[in-house]
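The values are calculated or read from the model by the stated rules, or taken from the named source; none is laboratory data. Given the structure is predicted, the values throughout are model-derived calculations rather than measurements. Neighbour counts run over all protein chains shown; Cβ positions are idealised from the backbone, glycine included. Calculation scope for accessible area: heavy atoms of the full protein, side chains included, ligands and nucleic acids excluded. Shrake-Rupley method; radii C 1.70, N 1.55, O 1.52, S 1.80 Å.
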Amino acid sequence: MSEEQKTETKRGRVRRLLLTPLAEMGFRWKKGVSPEDGQRRLDRVADDLAYLTDGNLDRLFLSLQDKGEGSARCFWPVHATFVAYAQLAQPRPLEEMPGLASWFASKAGQRAQAEDCLVAHLRFWMAKRRPPMNDAEHRRVAERASEMRDRVIRLQDKIDRGWLISEADEAWLDAYRRDLQRATALVDLSGQGDAA
């Protein structure tokens, strides 16, 4: 690895592997976008995609080559296009989503913990990349939490009695415990922030 690559920033890496090659292909801003505004937009894209591996930045480059806007497909795509294709190439880790951390750090996260619904909420976030937004979604999360609690109790009772459980049940229980630990850590981070 060269000295230049050692000191390269995350933003610089995204520029080198994605934005500069797209610009060299002819991507440009529509008339009326100032160079400063265009640079700010690309900086935001670079910051939001910095989590991608080099290989997935290469995949994203290949995917976006024909996704330019305008009749000639030569104008930079909107931010949402970059993010959507990045999610396909490599989903962003939930812990890096600001909305997730703030939700679990909020009263909603503390309430979910008190109601023993953390895993159901975390899994909703994993599937939808957002919290439940309406009554139907809240009911579904509560139902899933109840089903999971019942299953944990049944499986733990079998284990406590010395009975064997199936490999599938054991894998499910391990995944549940990992998700519970992950969600609890997110809620616990909020308490550390309050104390500081």
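Here are the numbers for this structure:
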read-out	value
Matching option when the condition is open to solvent by 40 Å² or more (accessible area, probe 1.4 Å), in contact (Cβ under 8 Å) with a residue 40 or more places away in the chain and assigned to a helix (DSSP H, G or I), among L189, L100	L189
Condition met for L42 (in contact with a Lys or Arg (Cβ under 8 Å, 6 or more places away or on another chain), in a helix (DSSP H, G or I) and crowded, with 18+ Cβ neighbours inside 10 Å)	yes
Failed item in (1) within 14 Å of H79 (Cα to Cα); (2) modelled with pLDDT under 95, with L19 passing the rest	(2)
Subset of segment 107-120 [open to solvent by 40 Å² or more (accessible area, probe 1.4 Å) and either in contact (Cβ under 8 Å) with a residue 24 or more places away in the chain or over 23 Å from V152 (Cβ atoms) (or both)]	K107, Q110, Q113, E115, D116
Selection count where residues are in contact with a strand residue (DSSP E or B) (Cβ under 9 Å, 6 or more places away or on another chain) and at positive phi, scope segment 31-75	0
Single condition L19 does not satisfy, out of (1) within 24 Å of the chain's Cα centre (by Cα); (2) open to solvent by 50 Å² or more (accessible area, probe 1.4 Å); (3) not charged (D, E, K, R)	(2)
Hey, M133 of a type outside the set (V, I, T), crowded, with 16+ Cβ neighbours inside 10 Å and at pLDDT 90 or above or not	no
Scope segment 151-181; condition open to solvent by 100 Å² or more (accessible area, probe 1.4 Å) and part of a helix (DSSP H, G or I); matching residues	I153, R154, D160, E167, R177, R178, Q181
Restricting segment 1-16 to residues that are assigned to a loop (DSSP other than H, G, I, E, B) and loosely packed, with under 10 Cβ neighbours inside 10 Å, the residue that is modelled with the lowest pLDDT	M1
Hits in segment 59-95 (condition: open to solvent by 70 Å² or more (accessible area, probe 1.4 Å) and either in a helix (DSSP H, G or I) or under 22 Å from M126 (Cα atoms) (or both))	R59, L62, Y85, L88, P91, E95
Single match in R123, R178 (criterion: basic (K, R) and in contact (Cβ under 8 Å) with a residue 40 or more places away in the chain)	R123
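Yes/no matrix, rows are residues, columns are (1) under 30 Å from L52 (Cα atoms); (2) modelled with pLDDT of 90 or more:
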{"position": "S106", "(1), (2)": "yes, no"}
{"position": "A112", "(1), (2)": "no, yes"}
{"position": "A127", "(1), (2)": "yes, no"}
{"position": "H138", "(1), (2)": "no, yes"}
{"position": "A142", "(1), (2)": "no, yes"}
{"position": "D160", "(1), (2)": "no, yes"}
{"position": "A168", "(1), (2)": "no, yes"}
{"position": "Q181", "(1), (2)": "yes, yes"}
{"position": "D188", "(1), (2)": "yes, no"}
